[in-house]
Amino acid sequence: MDKKINSYIKEQFDIADVDIKTYSPLALAYIGDGIFELVIRSIVVGKGNTKASQLHQHTSHIVKAASQAKMIEALEDDLTEEEADVYRRGRNAKSPTMAKNASMADYRKATGFEALMGYLYLKDDFERIVELTKLGLEKAKILH
């Protein structure tokens, strides 16, 4: 399949194109959360077929707000101006909820990180998602 993931889904389900700059930062974070978890689950499963509970435990450690906050802190100098703007919009968005086990600062940084992942996904730039994830995991020393 040559098509990009998001474009393929939109085509198959007859979803109209929308200017992604019009999406709210929290809508971007919503889709970005799922996309980032998919990438991390793919990495975790790829590193070894083991019990689902162990896969979940390892994935949860990486996708939690504190880890995402560490990753985005490590990545800030590597972001383009456009990416940094999306991250800041997400970080500064007023969310009606908060993560159970995260500080407000980490939660906001994680929301910004997820907004960036969502933005890149909706732009059909999965390569950049993987590139930033790999770099962030390495720089923040999260993936063992």
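Take region 91-105 and flag every residue that is farther than 18 Å from Ile142 by Cβ and buried (at least 17 other Cβ atoms within 10 Å of the Cβ).
Correct list: Arg91, Ala93.
Could you list all residues from region 62-90 that are open to solvent by 70 Å² or more (accessible area, probe 1.4 Å) and touching a residue at least 24 places away in the same chain (Cβ under 8 Å)?
Within region 62-90, Lys64, Lys70, Glu73, Arg88, Arg89 qualify.
Taking region 7-52 as the search range and keeping residues that are hydroxyl-bearing (Ser, Thr, Tyr) and modelled with pLDDT of 90 or more, which one is surrounded by the most Cβ atoms within 10 Å (Cβ to Cβ)? Walk me through how you get there before you give the answer.
Of the residues in region 7-52, the ones hydroxyl-bearing (Ser, Thr, Tyr) are 7-8, 22-24, 30, 42, 50.
Applying the additional criterion that residues be modelled with pLDDT of 90 or more yields 7-8, 22-24, 30, 42.
On the way: Ser7: 12, Tyr8: 13, Thr22: 7, Tyr23: 19, Ser24: 12, Tyr30: 15, Ser42: 12.
Among them, the one singled out is Tyr23.
Has region 126-133 got at least one residue that is of a type in the set (D, E, K, R), under 23 Å from Lys4 (Cβ atoms), within 14 Å of the chain's Cα centre (by Cα) and open to solvent by less than 50 Å² (accessible area, probe 1.4 Å)?
yes
Of the numbered conditions (1) closer than 20 Å to Ser42 by Cα; (2) part of a helix (DSSP H, G or I); (3) open to solvent by 80 Å² or more (accessible area, probe 1.4 Å), Lys141 fails exactly one; give the number of that condition.
For Lys141, the failing item is (2).
The values are calculated or read from the model by the stated rules, or taken from the named source; none is laboratory data. Source: prediction; values computed, not measured. So basically every Cβ, Gly included, is an ideal-geometry build from the backbone, and we count neighbours across all protein chains shown. Heavy atoms of the whole protein, side chains included, go into the accessibility calculation; ligands, DNA and RNA do not. Shrake-Rupley method; radii C 1.70, N 1.55, O 1.52, S 1.80 Å.
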